[in-house]
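The values are calculated or read from the model by the stated rules, or taken from the named source; none is laboratory data. Please read all numbers here as calculations on a predicted model, not as lab measurements. As a convention, Cβ positions derive from the backbone with ideal geometry for all residues, glycine included, and neighbour counts pool all protein chains shown. All accessible areas refer to the heavy atoms of the entire protein, side chains included, with ligands and DNA or RNA removed. Shrake-Rupley method; radii C 1.70, N 1.55, O 1.52, S 1.80 Å.
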Amino acid sequence: MKKIISIALVAVLLVAFAVPAFAAGINANEQKLLDYAATAYVVDGQAITVTDDIIAQAKNAFNSDSIDVTDAQYKEIKAILDEGLAYAKKNNLTKIADLQKNREATETLLEYGRKAAAVLGCTVATKGYITDADHGLVIIYDANGNKIAEFHPNLIAKTGASTTSIAICTLAAASVLAVAGVSVKKFRKVDED
Amino acid sequence: MRTNSESNRSRKNYRVSFWVLPIAFFIIGYLLFYFALAPVIEPAKSIYGLAFSNVNAVTTDDLQGKDLFSGKTGVYDGILKASELHFPYVGDKWGTLTIEDIGINDMPLIYGDNMELLLQGACMSERSRLPGYGSGTLVAAHNYNYFHELQNIKEGAEVSVETYYGSYKYRVYRTEIIDVYESKSYWDEVYGDKEMFVLYTCYPNNALRSTHYRFFAFCEFLSGPKIDEYS
């Protein structure tokens, strides 16, 4: 009997370990945070809807192996988000454009984001000014330094050769040559005189 | 007969013309070139590298992230549990793209679409979903290399996507040139509740300036496993 129980136990353990389980997927607490993001921001009775692309990115982040929001973490994050939301309402911030010239508000909201990420052991880094369509970037790293998410204002990427700088360069070179030509001509004339 | 003052002036002019001005122009010109070219030096180096190498020869060594894809899985349908799958980090290679009609074979598919990643292959926007997750997958690549031929794709072309968890087939049902600053007509396809695969690149290929236009190819789902992300 003991032998049968031992074999059964080993079989159960083998099956359990044969199926790898990651934190990937969206759990109930993560879904509550997604619902919160989609519905919580109401200004003058009107919900400020988080766009589908941001919700898609949030779902992807919650699918990360590194993130598995517990009940306690959910409560802590929600409290931070409530504070951030109150700040946004107080300052009438309803769209990205409102942040473009308001660095103080941007930094304050980023700080709330950093606090919320820290609850999950994540860190938030930035490159450039975050509303800068070409260079702004917000990066979220997990505790092991893996990049969970990157956010840049442009949804659609630039997928052609950047020719603006080449044009500026050509213009600069042409200007230098033109000025050089005029100056040399002028000095030659002075010499001849 | 030249006076001393005339001779001095002539010597001074000679110095200015042949020494001071060339040096000044050299320095100004160099600085102008430096500041103007600084933002394009890296992309230019990459373009040069791509021009003199096989576009499809991107190896896992070139990737910023991990290579999750290790060949065909043999999973063509069914339902997979998200909790049993690793999810890619930004920069990871999660699959390959093949569109035989336009000569795209086993092109790397990268998670994330920042400027550095776009030099490595076809890049999926993190603001879209991986195949099988029940919505649209938005994939971009440069028009001067990886997606140079995308504009030649025709409706009905078959698109094969091999991922680290399953094989997917799609078919192009519409192509469109969109001014992305004016129109968001791609939005419904990408963010609807249907499985979709959307490819795009800058339009036209030979534009000599930054363009607002993108060539989009919308592909409908034919087959592949579905992912249950709530289990």
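Report, by residue number, each residue of region B:40-70 that is assigned to a helix (DSSP H, G or I) and modelled with pLDDT under 60.
Result: B:42, B:43, B:45, B:46, B:47, B:48, B:49, B:50, B:51, B:60, B:61, B:62.
Against the condition open to solvent by less than 10 Å² (accessible area, probe 1.4 Å) and assigned to a loop (DSSP other than H, G, I, E, B), how does residue B:95 come out, does it pass?
no
Hey, among the residues in region B:217-231 that are within 13 Å of another protein chain (Cβ to nearest Cβ) and of a type in the set (D, E, K, R), which one's most open to solvent (accessible area, probe 1.4 Å)?
B:228
Looking only at region B:205-216, which residues are assigned to a loop (DSSP other than H, G, I, E, B), at the interface with another protein chain (Cβ under 9 Å from one of its Cβ atoms) and not small (Gly, Ala, Ser)?
Answer for region B:205-216, where residues must be assigned to a loop (DSSP other than H, G, I, E, B), at the interface with another protein chain (Cβ under 9 Å from one of its Cβ atoms) and not small (Gly, Ala, Ser): B:205, B:208, B:209, B:211.
For residues that are open to solvent by less than 50 Å² (accessible area, probe 1.4 Å) and at the interface with another protein chain (Cβ under 9 Å from one of its Cβ atoms), scanning just region B:193-203, find the one that is nearest to the chain's Cα centre (by Cα). Walk me through how you get there before you give the answer.
To start, the set of residues in region B:193-203 that are open to solvent by less than 50 Å² (accessible area, probe 1.4 Å) comprises B:195-202.
Filter once more, so that each one left must be at the interface with another protein chain (Cβ under 9 Å from one of its Cβ atoms): B:200-202.
Details: B:200: 9, B:201: 7, B:202: 9 Å.
Among those that are open to solvent by less than 50 Å² (accessible area, probe 1.4 Å) and at the interface with another protein chain (Cβ under 9 Å from one of its Cβ atoms), it is B:201.
Taking residue B:162 as the residue in question, decide whether it is open to solvent by 10 Å² or more (accessible area, probe 1.4 Å), touching a Gly at 6+ places or on another chain (Cβ under 6 Å) and facing chain A (nearest Cβ under 8 Å). Write out each step before concluding.
Values: open to solvent by 10 Å² or more (accessible area, probe 1.4 Å): yes; touching a Gly at 6+ places or on another chain (Cβ under 6 Å): yes; facing chain A (nearest Cβ under 8 Å): no.
No: the conditions fail for residue B:162.
Exactly one of these conditions fails for residue B:130: (1) modelled with pLDDT of 90 or more; (2) more than 10 Å from chain A (Cβ to nearest Cβ). Give me its number.
Among (1) modelled with pLDDT of 90 or more; (2) more than 10 Å from chain A (Cβ to nearest Cβ), residue B:130 violates only (2).
With out of contact with any Lys or Arg (no Cβ under 6 Å at 6 or more places or on another chain), in a strand (DSSP E or B) and within 9 Å of chain A (Cβ to nearest Cβ) as the only criterion, which of B:138, B:109 stands out?
Just a single option satisfies the conditions, and that option is B:138.
Name, by its number, the condition in (1) over 18 Å from residue B:217 (Cα atoms); (2) of a type outside the set (A, V, I, L, M); (3) crowded, with 19+ Cβ neighbours inside 10 Å that does not hold for residue B:113.
All conditions are met except number (1).
Looking at region B:201-213, is at least one residue under 30 Å from residue A:24 (Cα atoms) and of a type outside the set (Phe, Trp, Tyr)?
For region B:201-213, residues under 30 Å from residue A:24 (Cα atoms) and of a type outside the set (Phe, Trp, Tyr): absent.
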